[in-house]
1. Just one of the numbered conditions (1) under 30 Å from L47 (Cα atoms); (2) in contact with a helix residue (DSSP H, G or I) (Cβ under 7 Å, 6 or more places away or on another chain) is not true of E396; which one?
2. Collect the residues in the range 281-303 that are surrounded by fewer than 17 Cβ atoms within 10 Å (Cβ to Cβ) and either assigned to a helix (DSSP H, G or I) or within 20 Å of the chain's Cα centre (by Cα) (or both), keeping them in residue-number order.
3. I need the full set of residues from the range 176-207 which are aromatic (F, W, Y) and either outside any helix (DSSP H, G or I) or touching a Lys or Arg at 6+ places or on another chain (Cβ under 9 Å) (or both), in order please.
4. Here's a check for you: in the range 208-218, which residue that is in contact (Cβ under 8 Å) with a residue 40 or more places away in the chain and in a helix (DSSP H, G or I) is surrounded by the fewest Cβ atoms within 10 Å (Cβ to Cβ)?
5. What number goes with the only condition from (1) over 30 Å from P295 (Cα atoms); (2) buried (at least 16 other Cβ atoms within 10 Å of the Cβ) that F356 does not pass?
6. Looking only at the range 65-106, which residues are of a type in the set (F, W, Y) and either under 19 Å from I223 (Cβ atoms) or in a helix (DSSP H, G or I) (or both)?
7. Give L334, L391, L347, L315 a once-over and let me know the one that is out of contact with any Lys or Arg (no Cβ under 8 Å at 6 or more places or on another chain) and crowded, with 18+ Cβ neighbours inside 10 Å.
8. Answer with yes or no whether L95 is within 28 Å of T361 (Cα to Cα) and either in the same structural domain as D216 (by TED's automatic domain parsing) or surrounded by fewer than 24 Cβ atoms within 10 Å (Cβ to Cβ) (or both).
Amino acid sequence: MSLQELIFNLKKERSLEWGKFIAVTGSAQAVIQGVSFVSSILIIRLLPTQEYALYTLASVMFANLGILADSGIKTSVMAQGGKVWQKKGELGDVLATGFYLRRIFATGSFVIACPIMLFLLRHHGANWWMAVGIVFSIIPAYYATLSGSLLEIVPQLQQKIMELQKIGLKASFIRLGILGFALFFFPFTIVAMLAFGLSQLWANIRLRDLANSYIDAARKSNIAVREEILKMVKRLMPESVYLVISGHITVWLISFFGDTAAVAQVGALGRLAMVLSIFTILFGTLVSPRFARLPYDKKHLTKRFGQVQMGLTVLCIGVVIIAWIFASEMLWLLGSEYAGLEREMVLLVIGNCIGFIAVSTFHLCTSRGWVINPVISIPVSMAGITCGAFLFEVSELYGVFLFNIFNNSVILVLHVTYGFYRLRTITHTSQLN
């Protein structure tokens with residue numbers, strides 16, 4: 001057998017192995033997201049429109065709290081953990097330090113966000129008791145999700161994907177069971193948020209057991225590691241604050257300038273677009289950790305970066321085509337209150353697909369420790385938001401979704417350009433991160 005034939009066979013075997021791996025993990029993740037999707041439809045169907053608007057606000061605040069509390073800590077832990085993923089002691093130092101910083105950031109973020117959350121809930125019809133109850137119902141899910149996102153890093157670096165997915169699948173069914181029983185008798189936002197928190201607390205117990213198999217769990221926060229993580233956090237925090245503003249910009253704009261029914265419509269349509277979360281999780285589980293572990297070789301990294309961009313683009317084109325063809329059928333799942341929004345739904349999917357590629361590119365870069373200077377990223381991004389606000393009518397759904405497409409396109413160009421710029425600055429293969 002010639003050398004060329006040997007190389008060809010090795011590549012073919014590798015491709016088949018990757019194909020099988022992606023098929024298995026993708027199928028499992030599809031089941032997890034399918035269960036989550038059923039849970040979302042159940043919430044939409046069982047909650048009155050007014051109550052679902054409050055649930056949408058609570059969900060967005062919950063997501064934004066997570067971004068603020070993280071401020072790049074998870075990304076920094078992934079980057080540092082990728083350097084020592086085979087050393088139990090040093091990996092334990094990285095994780096313990098991440099938890100130490102996360103607790104500080106989480107508490108501060110919650111204190112800052114509480115008044116904003118209460119104002120928005122009151123603005124859209126919640127009385128004081130209900131508003132306070134919703135805020136407190138977020139706490140279990142908030143802290144459990146923050147802990148779980150760090151615990152997942154260890155098995156992700158070790159590529160123990162099936163074990164992670166088993167935990168995620170069981171947690172999804174637990175949440176679905178709680179929702180199906182509780183919301184039928186008590187159709188309130190508080191119940192829906194508590195259901196998520198309880199299922200995540202169960203998942204955290206299993207995640208900790210799994211992570212402890214690959215780290216020294218007795219390790220404490222390390223000053224040297226803390227300094228390295230904070231270096232990235234200082235650069236990522238402005239980006240995180242910006243993401244709080246821009247990540248759910250459609251809901252923010254509708255919350256302030258639209259009515260309560262429009263808030264519910266944005267939230268419901270967003271649930272239909274959650275199919276992208278399957279790919280977001282797969283990307284974070286399969287692609288980012290492997291990219292973080294690649295040797296510091298300019299040619300190899302550039303090739304992989306370009307392949308990822310092409311793959312993401314083809315994937316999103318397919319998603320948009322499916323959404324366009326089956327728009328009416330997808331809206332039927334939401335109920336009669338959301339009928340006739342086919343055009344808005346397609347626009348939302350287009351905007352979310354562009355945002356998905358932008359965020360995936362951002363995480364691809366930060367997994368290598370490449371963080372764009374906020375002095376550049378924030379002004380460019382804010383300029384996009386400002387221009388979009390003048391160009392489109394942001395008090396109605398159609399205008400808000402066009403604004404979302406424009407804004408996400410600006411972010412996409414920014415991060416793709418920066419990624420290729422960093423690849424060009426690599427001077428030789430032996431250079432260290």
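1. Failing condition for E396: (2).
2. Hits for the range 281-303 are R290, R293, K298, K299, H300, T302, K303.
3. Result: F186, F188, F196, W202.
4. R208
5. All conditions pass for F356, except number (1).
6. Selection gives F99, Y100, F105.
7. Matching residue, one of L334, L391, L347, L315: L347.
8. Criteria met by L95.
The values are calculated or read from the model by the stated rules, or taken from the named source; none is laboratory data. These numbers come from a predicted model, not from an experiment. All Cβ positions, glycine included, derive from the backbone under ideal geometry; neighbour counts span all protein chains shown.
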